[in-house]
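Below is one structure, written out as structure tokens, with a few remarks after it.
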């Protein structure tokens, strides 16, 4: 029976069956909605949603297509128009000039892009965009997106490549009722939508039942509307006597998070997209990881809104989207502090004594301190929604920005910290300090991590983030913390506990995760399947049946991303866990068909060939990877290890060193490089390498103990006391550490 299951899984992975197409019969269209909802429609027509994507016309096109030539990085592009449409003449993937017709506008303000059809149903977002801001703001010009990246035809960032593909990366959030229509055999699309832009039914769901209720006289406001979800706020905020912050009244609802969150978050699709479905059944939300977020939770990469908002006290109190935003225009309800004084008493908060800036000034605007903006896509300022208190005292140590120095650029973060201190302001937010240590695998931070995770007063997403990082400091306390949080009421926390369990031996992991095989949340089941992949062959009866059902669901979840190289890489990992090396090889090659320079697939391909004993093909994959992504520390490290296996240590050192110089450097890369240096007689350089690593990753047993041994070899044992002291704190019962400390004390 188990053998049959493995065969079936292999067939499914190779067949790559397409997801079932969406049902369009439930959608009636915004024109039909407008017949009854006139006021709401007029508001929506002015929104970014209504203009998210449109056919090109004199009304929708904002850019200058009047025979306008622009040159970026030596390539000239011409924008023209005639009675038949709007055209872009630019360099294609073969480095030849080609004229393309604009198929759709994409976005509206502060910038507008244009979609180009390159064949096989693929629409690409052209990477020269129109700055639709006013001239006074620096707009009304063509500008290059990703100006600091290599966007040549050889680069993954060229506009014809997968990174700029609309179908796989953008479409589901810019149109209504989208079906990607991906054909995995021929790698082409037949993408459809019921409406080109984000219309009424994107948020409310299909309207046919609602329309039937109304036309048949069965409609009952608030009870039997015909919609599967109600987006109206159910919690209000009321000022009580003597209180400066409004108190929540009524039930909370996640309805708006379910409807809005998917397109306003960094996530992976894992289920049917519908505003009526729980967010965590539709998506797997990215946690507050590097480099998406700064260590203190501030937005860093383009993560949109939900991940930061879920950190806030406001979210925990039940505040939702339409407390601040008009549901149909999308705009905030007010441009001044009255937006915030809906819930924060003006006499306490909208005064100079609180803001410490002159009333009416930029510094006195609540959002400038508590929602600092970060610029994305060169011109798009987006505000952080964690509503945090500025912490300039963290900036230098944690390398984080702060709201104060965004304005006071000439001053230091130390100046800002002292200024806030002089106001008598304090923040007890210690998440940043703990998270920074957790990111570095600091064993001595584990107790602080566990205490933070256990404290339910903190936001679920912060607790989940720290919990996910306990896997980097495996210990008894880590395992106990994971086990406890597997029964958390929060889907995010349970999911993080599952994800952190990877260091626990598989047979023990199964015992821990078995109760979650049928967890009510899809995001948790997705994580469980990932952690138990390959274990079905070890169980029987009901356990076997339950795991088989879980894996079938997991395969469908994986297939939702099969048109992306990362999706195929995940399918390869799953296939390998099932013992299907051929299926893994097939998926990795599909990933490279989609994006030939996808570094993770090349790295995994090299590892797979190495495990199969084919060092020639492993080297070929690494050669491709190094050429495509020379700034990948993982690839440089892997290539260094290849030369180690060939017993060519000098050749290996150049790559091992390069791995320690990249942005994705790890403590392990430094350790291996130091061992390589010592093996080739460069003991002093090895010591310096380990000391450098220890500065960045303190409390790493392997680094510290090796450093102590190398200092002893170099006749400098007297310099090792500080490292032995740290080792004693990490592993107080380690006999070798205790012996060395005792010897040093005797010598003194």
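Taken together, the values in this text are just the output of simple stated rules run on the coordinates, not laboratory data. These numbers were taken from a predicted model, which means no experiment stands behind them. As a convention, Cβ positions derive from the backbone with ideal geometry for all residues, glycine included, and neighbour counts pool all protein chains shown.
What the table shows:
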{"read-out": "Gyration tensor (alpha-carbon) shape descriptor, the range 296-398, a/c threshold 1.5", "value": "rounded"}
{"read-out": "Convex hull volume of the range 367-521 per residue (C-alpha atoms, cubic angstrom)", "value": "148"}
{"read-out": "Debye log10 I(q)/I(0) at q = 0.11, 0.12, 0.15 Å⁻¹ for the range 504-658, Cα point scatterers", "value": "-0.53, -0.61, -0.85"}
{"read-out": "Alpha carbon Rg of the chain, scaled by the compact-globule rule 2.2 N^0.38 Å", "value": "1.03"}
{"read-out": "Equivalent-ellipsoid semi-axes of the range 504-570, from the Cα gyration tensor, Å, largest first", "value": "22, 12, 11"}
{"read-out": "Per-residue Cβ neighbour rank within 10 angstrom, fewest leading, 493, 539, 351", "value": "351, 539, 493"}
{"read-out": "Quarter of the Cα convex hull surface for the range 430-498, i.e. its orientation-mean projected area (nm²)", "value": "3.8"}
{"read-out": "Helix 413-422 vs. the chain, principal-axis angle (Cα, 0 to 90°, nearest 10)", "value": "70"}
{"read-out": "Rounded tilt (10° steps) of 701-713 against the dominant C-alpha axis of the chain", "value": "30"}
{"read-out": "Alpha carbon centroid spacing (whole Å) that separates the range 527-567 from the range 138-203", "value": "29"}
{"read-out": "Inter-centroid distance (Cα atoms) of the range 229-251 relative to the range 53-123, Å", "value": "48"}
{"read-out": "Estimated inter-spin distance, residue 456 and residue 136, nm [label 7 Å along Cα→Cβ]", "value": "5.2"}
{"read-out": "Mean separation of Cα contacts under 8 Å (6+ apart) over length of the chain, as relative contact order %", "value": "8"}
{"read-out": "Whole-number percent relative contact order across the range 430-498, with pairs defined as alpha carbons under 8 Å at least 6 apart", "value": "30"}
{"read-out": "Protection proxy ranking of 24-37, 430-443 - average other beta-carbon atoms within 10 Å, highest first", "value": "430-443, 24-37"}
{"read-out": "Quotient of Cα Rg and 2.2 N^0.38 Å for the range 53-174, N being how many residues it contains", "value": "0.99"}
{"read-out": "Helix-only [θ]222 nm of the chain, DSSP H runs n ≥ 4, -39500 (n - 2.57) each, per residue, nearest 500", "value": "-12500 deg cm²/dmol"}
{"read-out": "Residue exposure sequence - 69, 350, 664 - by fewest surrounding Cβ within 10 Å", "value": "69, 664, 350"}
{"read-out": "Along principal axes, Cα extents of the range 644-748, largest first, whole Å", "value": "44, 26, 20"}
{"read-out": "Difference of contour (0.36 nm per residue) and Cα-Cα distance, residue 39 to residue 734", "value": "242.9 nm"}
{"read-out": "Computed over the range 194-283, Kirkwood Rh from alpha-carbon pairs, angstrom", "value": "15.3"}
{"read-out": "Acute angle (nearest 10 degrees) that the helix 721-730 long axis makes with the longest principal axis of the chain, alpha-carbon atoms", "value": "60"}
{"read-out": "For the range 577-665, alpha-carbon Rg over 2.2 N^0.38 Å", "value": "1.07"}
{"read-out": "Fully extended contour minus Cα-Cα distance, from residue 73 to residue 612, at 0.36 nm per residue", "value": "189.7 nm"}
{"read-out": "The range 103-211 - Kirkwood radius from inverse mean 1/r over Cα pairs (Å)", "value": "15.6"}
{"read-out": "Global size of the range 290-351 as Cα Rg and Dmax, reported in angstrom", "value": "13.8, 39"}
{"read-out": "Rounded Å value of the spacing that divides the Cα centres of the range 408-471 and the range 592-663", "value": "36"}
{"read-out": "744, 314, 449 arranged by Cβ crowding within 10 Å, fewest neighbours leading", "value": "744, 314, 449"}
